[in-house]
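Engineer: Attaching a single structure in structure tokens format; questions to follow.
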Amino acid sequence: MEKSSNNADWKTKIENEAKLKGFSKNTISNYIYHIDKFLKSGLKPREYLLNLINTNHADETIRNAGFAIKFYLKTMNSKDNMDIPNLKREKKLPVVLSKKEIKEMILATTNLIHRLVIQMAYGTGMRVSELINLKWQDIDFQRNIIHIKRAKGKKDRIVMLSPKIKKALNSLNIKKEGYVFLSNRKKKYTIRTIEKIVENTRIKAGIKKKVSPHTLRHSFATHLLENGTDIRYIKELLGHSDISTTLIYTKVSKKNITNIKSPLDD
């Protein structure tokens, strides 16, 4: 197997091929990271992945490493590319907060911007990457909609602008141009910033569940389903390419489960 030191231009080849295929910057960075570690290990593809498994790395890390290595081998025209199986993804159900827990999180912080982050993540179902890239010009206050541009898969979509979010946005005493979420130094929020806001708010609210920005997105979808919203509309609001991705929320919704009587209560 080629070592990174003997193949100085592999990064350029991988970056160019990934760009041609329309991969996001995050995906390209992730691939470069895993490929570099693989090449420096001196191991064969299967040996490297088995080593990750045997050293108890997270399944998602191993999956990502596998995809990155396969992409590298294919780009470099290596025959080893066909010898790497895909690790199955764990079929975990998403964590969902109750409406009461959502309300407790919103009320837990007195920082108006931090409160708005929670409201927007839950009230629109936006991904954290979409939140940090949201601009004031993308919010239509007349039509009560938010235009999410170049989201995952480079797709645009429209989501609702809640009256509560609209009121919160209008109350901000800031210059409403550029990015919505800016630090005190006028720098765009990072994903890590949003994650810390959500985590700190969870602690303040006294919620014991593991909560991330994506948990608020899961809760948005689940509560819509429980309120009777058609799954096809939820798919469009979330920006899913395949309805099968959206159907996961039917497994965590209490809409039908609570209508089933436990045999204990007979």
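The values are calculated or read from the model by the stated rules, or taken from the named source; none is laboratory data. Computed from a predicted model, the values in this text were never measured in an experiment. Virtual Cβ from ideal backbone geometry, glycine too; neighbours counted across all protein chains shown. For the accessible areas, the whole protein counts, side chains as well, though only heavy atoms, and no ligand, DNA or RNA atoms are used. Shrake-Rupley method; radii C 1.70, N 1.55, O 1.52, S 1.80 Å.
Engineer: Looking at region 207-236, which of its residues are within 24 Å of I197 (Cα to Cα) and either open to solvent by 50 Å² or more (accessible area, probe 1.4 Å) or among the polar types (S, T, N, Q) (or both)?
Structural biologist: Residues satisfying the conditions are K208, K209, K210, S212, H214, T215, S219, T222.
Engineer: Sticking with this structure for a sec: I'd like to verify a number: residues in region 154-170 that are more than 19 Å from F220 (Cβ to Cβ) and either touching a residue at least 60 places away in the same chain (Cβ under 8 Å) or touching a helix residue (DSSP H, G or I) at 6+ places or on another chain (Cβ under 7 Å) (or both), how many?
Structural biologist: Result for region 154-170: 1.
Engineer: Let me ask something else about it. Restricting to region 22-79, name every residue that is part of a helix (DSSP H, G or I) and among the β-branched types (V, I, T).
Structural biologist: Across region 22-79, the qualifying residues are T27, I28, I32, I35, I53, T61, I62, I69, T75.
Engineer: Something else about it: Condition first: in contact with a strand residue (DSSP E or B) (Cβ under 9 Å, 6 or more places away or on another chain), among the aliphatic types (A, V, I, L, M) and farther than 25 Å from E226 by Cα. Now tell me which residues in region 98-136 satisfy that.
Structural biologist: I113, I132, L134
Engineer: Based on this model, can you work out whether L216 counts as aliphatic (A, V, I, L, M), at negative phi, in contact with a Phe, Trp or Tyr (Cβ under 6 Å, 6 or more places away or on another chain) and assigned to a helix (DSSP H, G or I)?
Structural biologist: Numbers: aliphatic (A, V, I, L, M): yes; at negative phi: yes; in contact with a Phe, Trp or Tyr (Cβ under 6 Å, 6 or more places away or on another chain): yes; assigned to a helix (DSSP H, G or I): yes.
Judged against the criteria, L216 is a match.
Engineer: Another question about this same structure. Out of all the residues in region 93-141, which are under 24 Å from K154 (Cβ atoms) and of a type in the set (S, T, Y)?
Structural biologist: T124, S129
Engineer: Would you mind finding the one in I174, I207, I260 that is in contact with an Asp or Glu (Cβ under 7 Å, 6 or more places away or on another chain) and part of a loop (DSSP other than H, G, I, E, B)?
Structural biologist: I207
Engineer: Which of the residues belonging to region 216-266 are of a type in the set (S, T, N, Q) and under 25 Å from A151 (Cα atoms)?
Structural biologist: S219, T222, T229, S241, S244, T245, T246, T250
Engineer: Given region 89-157, what helices (runs of 4 or more DSSP H) lie entirely inside it while holding 2 or more residues that are under 15 Å from the mean Cα position of the chain (by Cα) and surrounded by 13 or more Cβ atoms within 10 Å (Cβ to Cβ)?
Structural biologist: Working: elements: 99-108, 112-124, 128-132.
By residue number, 112-124, 128-132.
Engineer: Out of (1) more than 28 Å from K235 (Cβ to Cβ); (2) at pLDDT 95 or above; (3) surrounded by 15 or more Cβ atoms within 10 Å (Cβ to Cβ); (4) not hydroxyl-bearing (S, T, Y), the odd one out for K196 is which?
Structural biologist: Among (1) more than 28 Å from K235 (Cβ to Cβ); (2) at pLDDT 95 or above; (3) surrounded by 15 or more Cβ atoms within 10 Å (Cβ to Cβ); (4) not hydroxyl-bearing (S, T, Y), K196 violates only (3).
Engineer: For region 105-117, which residues satisfy the criterion of being in contact with a Lys or Arg (Cβ under 9 Å, 6 or more places away or on another chain) and either free of Cβ contacts under 8 Å to residues at least 60 places away in the same chain or not β-branched (V, I, T) (or both)? First the steps, then the outcome.
Structural biologist: The first filter runs over region 105-117 and keeps only residues in contact with a Lys or Arg (Cβ under 9 Å, 6 or more places away or on another chain), leaving 105-109.
M105, I106, L107, A108, listed by residue number.
Engineer: On to the next question. Is region 51-65 home to any residue that is touching a helix residue (DSSP H, G or I) at 6+ places or on another chain (Cβ under 7 Å), open to solvent by 40 Å² or more (accessible area, probe 1.4 Å) and within 28 Å of I148 (Cα to Cα)?
Structural biologist: Yes - at least one qualifying residue is present in region 51-65.
Engineer: Go through region 237-266 and report how many residues are in contact (Cβ under 8 Å) with a residue 60 or more places away in the chain and surrounded by 14 or more Cβ atoms within 10 Å (Cβ to Cβ).
Structural biologist: The qualifying residues number 6.
Engineer: Are any of the residues in region 174-189 over 23 Å from S129 (Cβ atoms), more than 15 Å from the chain's Cα centre (by Cα), surrounded by 12 or more Cβ atoms within 10 Å (Cβ to Cβ) and modelled with pLDDT of 90 or more? Walk me through it before giving the result.
Structural biologist: Let us first name the residues in region 174-189 that are over 23 Å from S129 (Cβ atoms), namely 175.
Imposing the further condition that a residue be more than 15 Å from the chain's Cα centre (by Cα) reduces the set to 175.
Then keep just the ones that are surrounded by 12 or more Cβ atoms within 10 Å (Cβ to Cβ); that gives none.
Scanning region 174-189, I find no residue that is over 23 Å from S129 (Cβ atoms), more than 15 Å from the chain's Cα centre (by Cα), surrounded by 12 or more Cβ atoms within 10 Å (Cβ to Cβ) and modelled with pLDDT of 90 or more, so the answer is no.
Engineer: Limited to region 194-236, what total is found for residues that are in contact (Cβ under 8 Å) with a residue 24 or more places away in the chain and β-branched (V, I, T)?
Structural biologist: The qualifying residues number 8.
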